[in-house]
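Undergrad: Have a look at this one before I ask anything.
Read-outs throughout are calculated quantities, based only on the coordinates presented, and are distinct from any laboratory measurement. Being a predicted model, the structure only gives us computed values, none of them experimental. Here the Cβ positions follow ideal geometry from the backbone for every residue, glycine too, while neighbour counts run over all protein chains shown.
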Amino acid sequence: MRHPVVIVGGGPIGLSLALDLGLKGTPALVLDDHDGAGLGSKAICFAKRTLDIANRLGASQAMVDKGIVWNVGKVFHDDHKIFDFNLQPEAGHRNPAFINLQQPYFEKYLVDAINTAKANGAPIEIRGRNCVTALENHGSYSTLTVETPDGPYQLEADYLIACDGARSPLRDMMGLSFDGRVFEDNFLIADVHMKADFPTERWFWFEPPFKNSGQSALLHKQPDDIWRIDFQLGWDIDREKELDPDRIRARVDAMLSSQAGHVPEYELEWTSIYTFQCRRMQKFRHGNVIFAGDSAHQVSPFGARGANSGVQDADNLAWKLDLVLKGLADDSLLDTYATEREHGADENILNSSRATDFMTPKSEVSKIFRNAVLELANKHEFARPLVNSGRLSVPCNYVGFALFGEDTVGGPETTRPGMTCPDAPLGDAFLLDQLGGGFTVLAIGTDAQDISAHGIDAKAITIAAPCHTIKVRYLGDAEQAVYLIRPDQHIVARWANFDETAVKAALGTAIGKA
Amino acid sequence: MNMLILTPNLPDPDGFYNELIQAHEGLTKEQSDAFNARLILTLANHIGDRTVLTTALEAAK
Ligand SMILES: Cc1cc2nc3c(=O)[nH]c(=O)nc-3n(C[C@H](O)[C@H](O)[C@H](O)COP(=O)(O)OP(=O)(O)OC[C@H]3O[C@@H](n4cnc5c(N)ncnc54)[C@H](O)[C@@H]3O)c2cc1C
């Protein structure tokens, strides 16, 4: 049996890709070796860009309703607080800057949205307890061997998308390497259940004062009265011993009592020790086998860049794959998935590596400077931007990349070609709701018409009397502007006036036909 | 663009040099290293020009 798209892996990336394809009418088959949402304690922190993508896919409301919105972070050094930060998001966005939500919930809400989409006819199929054990790549298609509780079977895929996580069996089956840095450090992660009245803030300690807590520690709230606690234990540890619940409790007791004055009642929900790495595949595309999410790139979690960047991979790939399969774009459009997302991965690896180097200084002098920054930050505001306990994920942009066109407006920097569309209030809803999942011509303070080029329709949206926020975000000093926006809500080009020829040409550029 | 000044620019060079050495008086090696680091960071922020800082990092090698 031949399928146009087979996705291996039903984690956040495989699920969002399948949902996106299915909503566009392109059949997607997901094979996952588990049944149901993933287990274990992984991502907790989901960024606005991810929620905006989930909103386009019809999955964000449940996430935001369940998730914990937070803005305030406190950074401590030893026993004193050095400063607070407030991510106080700009007003006029549907979604908050960040929510904390356990990854299994995130996956469950994607599955719920998939079920809703299926009920409306979206051609998506998820096969649990289907473990891919062999791959034969024939160039234009692949043959997979799949083990199931009822025995093995084979199937063929025109496009095979490997969303099978950091240990990617498919990557190994193809003999491809995954290079980068392993940080010589171990992090003990404990999710504890407790009813504490600590505020909903991210608390991060450098050189924590509580006993045996390692080089850094983190406390952060999740839904269901669960708190994420991290301890940075160093490299030479006895994993077995450190996972002993009594030993973990001693550490957690010390941390919590230092804040609450006594040890509050709590239960350990989940504990694990992780070693973090920053690495990526050299190329995300190998013919008709394409890698997305952790299989293609892996970062240390400080900065919440793993799932948040993987969801942007899916967002980037879905519309391109859809157009190629519908015969509306050349197969080479998929090369731009690789170039754009390899760039995204490099950005995340750079940020995560820098954060990790700050948190775990690699030399004596690096530690001297690190502590100098912390001491100065306590006294002087200027040093605070140098304190790096993880630079939180922000949307990736593709400014200067091949699929983007001209800017004849000279409007705000944040809406240059290559950027993602910022949200803004529109009537009693929001701008991003209006963009949908196709190409859009957005006319602000002027008029535009629907266009059709290369067999693709781009619907026009006119905002005749833009509100102040839209003016600030999309016009700047200009009176009016016309934008062409991709299905993943990246801005292709912008002009002062609607010129059908120019917009059609830009659409050609955006699908690699220029 | 601002250039890194590599010609004499300090009024009272002897006085400044003395003050710098004085600031380290009584500090252990460890304290001195920490002090130097804080001083570099404080000055770097004041300069605030990335090109100047990059050239300075080169010039001091
Ligand atoms: C402690 C920790 C904290 C983190 N915190 C954050 C955070 O706050 N924010 C954030 O954005 N990211 C965070 N991450 C990273 C995030 O968890 C990952 O980036 C994310 O899970 C990647 O999703 P994925 O879909 O690519 O892969 P995975 O979630 O690993 O899913 C891969 C799927 O493929 C399946 N699979 C594997 N092999 C096969 C096979 N042969 N056949 C069939 N199925 C197969 C697996 O069962 C699994 O379901 C954190 C990670 C850790 C470890």
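Undergrad: So B:Phe35 fits all but one of (1) touching a residue at least 12 places away in the same chain (Cβ under 8 Å); (2) farther than 18 Å from A:Leu386 by Cα; (3) not in a loop (DSSP other than H, G, I, E, B); what number is the exception?
TA: Against the list (1) touching a residue at least 12 places away in the same chain (Cβ under 8 Å); (2) farther than 18 Å from A:Leu386 by Cα; (3) not in a loop (DSSP other than H, G, I, E, B), B:Phe35 comes up short only on (2).
Undergrad: For region A:468-513, name all the residues that are within 30 Å of the chain's Cα centre (by Cα) and part of a loop (DSSP other than H, G, I, E, B).
TA: A:Gly476, A:Arg486, A:Pro487, A:Asp488, A:Gln489, A:Ile511, A:Gly512, A:Lys513
Undergrad: Can you name the residue in region A:170-187 that is buried (at least 19 other Cβ atoms within 10 Å of the Cβ), closer than 23 Å to A:Cys45 by Cβ and more than 10 Å from the ligand (Cβ to nearest atom) and is also farthest from the other protein chains (Cβ to nearest Cβ) among such residues?
TA: It comes out as A:Asn186.
Undergrad: Does any residue of region B:31-48 turn out to be out of contact with any helix residue (DSSP H, G or I) (no Cβ under 8 Å at 6 or more places or on another chain) and away from chain A (no Cβ under 13 Å)?
TA: Checking region B:31-48: not a single residue is out of contact with any helix residue (DSSP H, G or I) (no Cβ under 8 Å at 6 or more places or on another chain) and away from chain A (no Cβ under 13 Å).
Undergrad: Is it the case that A:Leu21 is touching a residue at least 12 places away in the same chain (Cβ under 8 Å), more than 12 Å from the ligand (Cβ to nearest atom) and more than 17 Å from the chain's Cα centre (by Cα)?
TA: Judged against the criteria, A:Leu21 is a match.
Undergrad: Let me ask another. For A:Arg167, which of the numbered conditions (1) more than 9 Å from the ligand (Cβ to nearest atom); (2) free of Cβ contacts under 8 Å to residues at least 24 places away in the same chain fails to hold?
TA: Checking A:Arg167 against (1) more than 9 Å from the ligand (Cβ to nearest atom); (2) free of Cβ contacts under 8 Å to residues at least 24 places away in the same chain, the one that fails is (1).
Undergrad: Can you tell me which condition A:Cys278 does not meet? The list is (1) surrounded by 15 or more Cβ atoms within 10 Å (Cβ to Cβ); (2) in a loop (DSSP other than H, G, I, E, B), and all the others hold.
TA: Unmet for A:Cys278, out of (1) surrounded by 15 or more Cβ atoms within 10 Å (Cβ to Cβ); (2) in a loop (DSSP other than H, G, I, E, B): (2).
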